[in-house]
Every structure is written in structure tokens, then in C-alpha cells.
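Presented below is the structure to which this report refers.
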Amino acid sequence: WAKAEGRGRWAVYDPERSARDIARSALAAGLPAALDRGEFVLHYQPIVSLLDGSMRAVEALVRWRHPELGLIGPDRFIGLAEETGLIVRLGAWVLERACRDAEAWWRSFPAARLVVSVNLAARQVEEPAVVEMVAGALATSGLPAELLQLELTESAVMGTAGEPLRALHRLAALGVRLAVDDFGTGYSNLAYLRRLPIHSLKLAGPFVEGIRAGDADGPADHRDERIVDALVRLAHALELWVTAEAVETVTQAERLRALRCDTGQGRWFGGPVPAEEITARLRGDAVTV
Ligand code: C2E
Ligand code: MG
Ligand code: MG
Ligand code: MG
């Protein structure tokens, strides 16, 4: 692999690296059985209106309850699942589970009209049966299509052509909402964006991170704030909703609200939690309204 790393590096045996590779393959090899044994769980993170603080949606985030390693986050296995192709089956499970949970919330708290937002890997959008898979999850659960949002990364939608692009249009035609995830981290072609059947943009964490009040660490740098301002205006000009990701402080929440960002998601509004905690929050909201 010295060659793959390029720039005239020497091929050096790196025991730490090979241990890591072995651990990676072991994890990958365990994925299919873990799915069959029901070791995956979904946590849900609130997406909150910056205008009135109401919970508008929840994002489904998958975790692996590993028998030896404990709860493992998606950053450690989603990539592996994409490489091995298991993401198609895992993603279908995530979607079905999320639709069933969302249908239960809709039935108990119809006025909340809580949307469930589910991540779709690029590999899933390329799957010929993706539209049938989504339509099937809606039909089986009984969840109204407009209460489902699908999150696609910028790289998954940009430059999409042919069959995957038709699939996006057919998904939109089902009545589900499509969102571009981590917007601003990848390559964005604005002319192309305009032609996609999308409903919202999720502004990537790094822009939000740059929004801070001046403090002991130094004066505030307003460049990220101006970028967010421009992106929110752009999104609204294209009639898209904007969600800010990784909102961690009250300063960020207030600035984002002033910049007319529609919704926010992040530790400030609450981290990812098991479904029952979302139910409890809906119950609390219903009482205070
Ligand atoms: P994402 O879709 O951008 O999800 C948001 C990530 O930001 C989540 O990490 C969430 O826990 C984290 N986060 C929440 N609040 C904060 C905050 O205040 N600050 C910061 N810095 N981060 C925050 P998580 O759960 O580890 O998920 C990581 C990524 O894994 C997701 O990024 C998504 O790309 C992928 N993923 C998760 N679940 C699924 C899934 O079911 N299918 C697919 N294809 N990908 C998934
Ligand atoms: Mg994580
Ligand atoms: Mg996401
Ligand atoms: Mg994201």
C-alpha cells in the first residue's frame, strides 16, 4: 500500500495499521449476522423550529448494539456497509423501523405532524428497487408520505443522471420530502441543484461551528455567519427549507434564527435519543400547547 499512499513513501510494516485493518474486516464480517440478530437500534434527534422551538422532525440515526464492544456509532460501520453492499439491506431495515415509529407518533400525536428524516446512502439511490422499497415501507407502516423525509448527501445527488435521477423524481412524486445532507461540504453545482426535486438543505456543521461570539479565544470571525446568511437566502430563493446542523450553543441558535434559518438540530436542542424519549417529549409538548 506504500504506492497507494504515494509521494515517495517507503513501504513500512505498520503493526498498528494492520491491527486496525483486521479489526475493520472483523467488524465488516459481523454486519450481516448482526442485522439478522436484531443488533441495530435507531436513535432519534430532534429537528426544532428556530421560530417557536417546536419539534418539527426527528432524524433517525442508526447504532449497533455490539455484544462485546457496546453501542457503536454509524461512523464506524456505515462506510463498511456501503463497501460490502449490506447498506441496501441495513438501509431498508432503518427505513421500515423509522416509518413504524413515526406512524406510532402520528397516531398518538396527530397535531404534532412529526416528520421522520432517514439517511439514504448513495448506494441505495442507485438500487433499481429504491422507489419500491420506500413505497413499501410507507404502505406497510401506514405513515403518510409527507411525514417522511429522505436525506441524501451532496455527493449522492450532485451530478446524478439517468436512472438514479429518475428515481429521485419518482420518490418526490410519492410525496416524500427530499433533503440534501451536509450541504456545503462537497461539490455543489447551483444550476444543478435547481433542477433537483428537493425540499430542503441541511447546512453542514462546520459553517454553524464558525458562528460564535467573541471571547477569550479571540474576536468573532463573521465570515461563516456571512456564508450561512448567503446560503439561507439562496435556499429560500429556491423555495427550500433550511436546517442548521450541529447547533451547540444558544449564541448559534439565536444567530441562526436572526439569519432566518428555519430549523436547527444539535446538542443545544437535544442529542440523539431512544424513541421513547421522543414520545415523552411529544407528550410534554402536547401538554404545554
Ligand atoms: P448526519 O446524517 O449528518 O447526522 C448528524 C450527525 O451529527 C449524527 O452523528 C449526530 O449525532 C451528530 N450530532 C448531533 N448533534 C451534534 C452537535 O451538536 N454537534 C456535532 N458536531 N454533531 C452532532 P451520528 O449519529 O454519529 O451519525 C453520523 C453519520 O452517519 C450521519 O451523519 C449519517 O451520514 C450516517 N448515518 C447515520 N445513520 C444512518 C443510516 O441509517 N443510514 C445511512 N446511510 N447513514 C447513516
Ligand atoms: Mg457519531
Ligand atoms: Mg443526516
Ligand atoms: Mg448531516
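The values are calculated or read from the model by the stated rules, or taken from the named source; none is laboratory data. Owing to the predicted nature of the structure, the values given are computational and were not obtained by experimental measurement. Cβ: placed from backbone, ideal geometry, glycine included. Neighbour counts: every protein chain shown. The area values use the complete protein model at the heavy-atom level, side chains included, leaving out ligands, DNA and RNA. Shrake-Rupley method; radii C 1.70, N 1.55, O 1.52, S 1.80 Å.
Data table
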| read-out | value |
| --- | --- |
| Matching residues in the stretch 20-77 - criterion: being away from ligand 4 (no atom under 16 Å from the Cβ), of a type in the set (Asp, Glu) and in contact (Cβ under 8 Å) with a residue 12 or more places away in the chain | Glu39 |
| Given (1) open to solvent by 40 Å² or more (accessible area, probe 1.4 Å); (2) within 16 Å of ligand 2 (Cβ to nearest atom); (3) of a type outside the set (A, V, I, L, M), number of the condition Arg107 does not satisfy | (2) |
| Residue count for the stretch 137-151, restricted to those that are without any contact (Cβ under 8 Å) to a residue 40 or more places away in the chain and open to solvent by 10 Å² or more (accessible area, probe 1.4 Å) | 6 |
| Hits in the stretch 32-49 - residues which are among the acidic types (Asp, Glu) and either surrounded by 15 or more Cβ atoms within 10 Å (Cβ to Cβ) or under 13 Å from Ala81 (Cβ atoms) (or both) | Glu39 |
| Residue in the stretch 64-76 that is of a type outside the set (Gly, Ala, Ser) and within 14 Å of ligand 3 (Cβ to nearest atom) present | yes |
| Qualifying residue in the stretch 31-44 (condition: out of contact with any helix residue (DSSP H, G or I) (no Cβ under 8 Å at 6 or more places or on another chain), under 30 Å from Ala244 (Cβ atoms) and either among the β-branched types (Val, Ile, Thr) or at pLDDT below 95 (or both)) | yes |
